[in-house]
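The structure appears right after this line, and notes come after that.
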Amino acid sequence: MSVSVTEAGCTAHPELYQHPLLEDDPGRSATAEQRRERSAMARRATAICAGCCALQDCLYRAVVEHDVAGFVAGTTEPQRRRMRVLLELSVGPDDLDSLTGVSASPHQVNHAEIVRLRAQNPHMSLETIAQRLGCSLSTVKRHLRRARAEAAGVSQAPRPGGELTPPSRDEVMTARAVVVHSDGSRPAAPEGKASLAAA
């Protein structure tokens, strides 16, 4: 797919990047048609990201600074988690509710309840789960990321030398190339940029 250099990436295509199939991978519960549709959307989003001048900054922030959900900088959440493992980096989820000034609900949201509700209703959208529990969508996503991290045993790991220094943009781009290549895909580098060396 050809993408115009003048397009503004994800901001010009909210219907794609905010589509439930692309934002929240349905995994094994998806029908064959949903998997085909998600694959087509991922290819389109990857092509758009590849032509975006903000790709490196966007990826760096999504891997190093914030644990964001959905498809970002041509990568999925599982790919970004694998990049963090390669970079010996751990990023905690942001409390987006407090950052945006959303006041807390009158009741405390139970982590186990969110995880249980999702496990019992894999076809239910995360937005519907949030509505049923009376909390925000970001709260549901944060609790589900926490559950995945706990299941994977993810913890803060020091960088080589025992320091918690952030990786460089080049290190993040190299990790992306390794992870995307290991998934059987070719990393989509922006035109005019030097190609990445696989580690």
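The values are calculated or read from the model by the stated rules, or taken from the named source; none is laboratory data. Being a predicted model, the structure only gives us computed values, none of them experimental. All Cβ positions, glycine included, derive from the backbone under ideal geometry; neighbour counts span all protein chains shown. What goes into the accessible areas is simple: the full protein's heavy atoms, side chains included, and nothing from ligands, DNA or RNA. Shrake-Rupley method; radii C 1.70, N 1.55, O 1.52, S 1.80 Å.
Observations, loosely collected:
- Among the protein heavy atoms, those of ASP25 account for about 80 Å² of accessible surface (1.4 Å probe, every chain in place).
- Per DSSP, loop trypsin sites (Lys or Arg not before Pro) in the range 6-97 with at most 15 further Cβ within 10 Å: none
- Note on LEU16 and SER125: the extension gain reaches 37.6 nm, defined as 0.36 nm multiplied by sequence separation minus the Cα-Cα distance.
- Residue-count net charge about ARG82 - beta-carbon cut-off 13 Å; Lys, Arg +1, Asp, Glu -1: +2
- Once the chain from SER182 to ALA151 is taken as fully extended at 0.36 nm per residue, the excess over their C-alpha distance is 8.9 nm.
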